[in-house]
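Shown next, in structure tokens, is the structure this report addresses.
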Amino acid sequence: MSNHVIAEGRTTNEAIENGLKQLNTTRNNVEIKVLENEEKRSFFSILAPRVIKVELTLKENREKIERKEKNIVISKEELEEISKRIEVFLKDFLKSIQAEKSSYQIIKEEGFIRVLLEGDDVHYLIGYRGEVLNSLQVILNNIASKKIEKKCRIILDIEGYRGRREKTLEELADKVSRTVIKNRKSITLEPMTAYERKIIHSRLQASTKVTTHSIGEEPNRRIVIEIK
């Protein structure tokens, strides 16, 4: 069975659904690329029946990988070791940027570690829409993976930014979905991180009037919100 298919439909959503039927899967298990949409039609194609083309590619072994990761348990000793490495890094890092007065918390939870930074000296480390924050989180995850084959996710937050950003994105999802319903025209959002896209998808997942899917390649991957 092929792991990808090119499907057609009168709308993007219809084309996606046709592709999902051919692959016998759901949206969560595929990467979606719009090959032709309403905005890219030529003058000579206006009189022709509208056809939207999309390419759907199965996320390779996604379910197997997820099951494998769920079965891998990080021991308390390993969490402690990772926490110590993170603490050493944070102390050196905060000293290097002259932010020793800032406070941090390293919270060990089941399978992951949450790192919280607070203080006036670290506010600028959030960056534009969390870009610097996300980069620091990548560094912490790299530190966590050293010498330990098991996956331990590190979630970094600075002065409660992630909670505020999540609320902003949920409000954006609600606002844009209302516009899509009113105008009956799809809207493509600006590029977002996988974490931010997940918030939008989750917010509108239960909607009976609109649907969402992602298009493009990282780091310019975007969400499209359209009528069901």
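Computed quantities for the displayed model
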quantity: From LYS228, LYS198, LYS209, residue being outside the structural domain of LEU56 (by TED's automatic domain parsing), among the basic types (Lys, Arg) and touching a strand residue (DSSP E or B) at 6+ places or on another chain (Cβ under 6 Å); calculated: LYS228
quantity: Condition met for LYS84 (part of a helix (DSSP H, G or I) and modelled with pLDDT of 90 or more); calculated: yes
quantity: Count - residues of the range 86-136 that are under 16 Å from ARG164 (Cα atoms) and more than 21 Å from the chain's Cα centre (by Cα); calculated: 4
quantity: The range 160-201, subset over 23 Å from VAL122 (Cα atoms) and polar (S, T, N, Q), residue surrounded by the most Cβ atoms within 10 Å (Cβ to Cβ); calculated: SER177
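The values are calculated or read from the model by the stated rules, or taken from the named source; none is laboratory data. Keep in mind the model is a prediction, meaning the values are calculated, not measured. In this analysis, Cβ positions are derived from the backbone assuming ideal geometry, glycine residues included, and neighbour counts consider all displayed protein chains.
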